[in-house]
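Visitor: Have a look at this one before I ask anything.
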Amino acid sequence: MNKLITIIGETVEWLEGNHGALDIKVRRGCSVTVKCDRCRDVVLTAQQDYDTWCRAEFCFSKRWAVVPYIIEIYSEDASSIFEIVDVLWDTSVESVIIHDCPSLISMRFHNVNSFEFSGCPNLEYLDCDFYKGPILDLTALTHLKSLQCRSSEATTIDLSKSPCVVSLDLYGCKMKTLKVCNQISLQRLCIQSCDNLKSRTKAWLEKNVINNNTSGLIAY
């Protein structure tokens, strides 16, 4: 089987124990296997006639325990996953590595320290609120259309290879540098409470939105 995605993290101290899940939209007729070193393997199988949302649930450890975990997602078909949403709220995610998932078009992972996007070049929608790493490198995402990354700790966000971005929500980010492609055609923009961003960068982004869509949202 092909390894599609690896997620590395650790549990946190919750009285109720450590729980989590992944919601995955699986291509019709395909199956994916979710392996976790702390739990039983889970096989997610889509219906034969339509793409199907499936959930892999985890119970990592006893209450108050903090232990590392590794989740790996496999499939016979590298094009078996369209979307993935993390529900790993009772854990701390260190890294999300996309190895070989060319069909992935939408992803949501919050509170992550690092991403590796080289295996999902066709990703269009990314929600990574509360990103904790110093740099958010999105240069592998040449088809990205929408980025939501609220309250990020990153000082640099690199969108320089993403000319298709039309929606950008960076509310409350601490970034000092935002690298964007000159060909970008923004229609929606939120940079409210981005106090470290240079005023000339804000002005350029606002002008870009106005030039491309007079009804676009601009928020400071």
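The values are calculated or read from the model by the stated rules, or taken from the named source; none is laboratory data. Here the structure is a predicted model, which means the values were calculated and not measured. Heads up, the Cβs are rebuilt from the backbone with ideal geometry, glycines too, and the neighbour counts pull from every protein chain shown. Just so you know, the surface numbers come from the protein's heavy atoms only, side chains and all, with ligands and any DNA or RNA stripped out. Shrake-Rupley method; radii C 1.70, N 1.55, O 1.52, S 1.80 Å.
Visitor: Please note which strands (runs of 3 or more DSSP E) are completely contained in the stretch 100-167 and include at least 2 residues that are more than 22 Å from K25 (Cβ to Cβ) and either out of contact with any Asp or Glu (no Cβ under 8 Å at 6 or more places or on another chain) or open to solvent by 30 Å² or more (accessible area, probe 1.4 Å) (or both).
Guide: 112-116, 135-137, 156-159
Visitor: For A56, state whether it is more than 17 Å from the chain's Cα centre (by Cα), more than 22 Å from D129 (Cβ to Cβ) and among the aliphatic types (A, V, I, L, M).
Guide: Answer is no for this residue.
Okay, residues lined up against (1) under 23 Å from L186 (Cα atoms); (2) touching a helix residue (DSSP H, G or I) at 6+ places or on another chain (Cβ under 8 Å); (3) not β-branched (V, I, T):
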| position | (1), (2), (3) |
| --- | --- |
| P68 | no, no, yes |
| I73 | no, no, no |
| D77 | no, no, yes |
| V93 | no, no, no |
| I97 | no, no, no |
| L104 | yes, no, yes |
| C128 | yes, no, yes |
| L144 | yes, no, yes |
| S151 | yes, no, yes |
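Visitor: Consider I24 carefully, then state whether it is open to solvent by less than 10 Å² (accessible area, probe 1.4 Å) and either more than 22 Å from the chain's Cα centre (by Cα) or of a type outside the set (S, T, N, Q) (or both).
Guide: yes
Visitor: Separate question: Consider the stretch 186-203. How many of its residues are closer than 16 Å to D158 by Cα and surrounded by fewer than 15 Cβ atoms within 10 Å (Cβ to Cβ)?
Guide: Adding up the residues that qualify gives 2.
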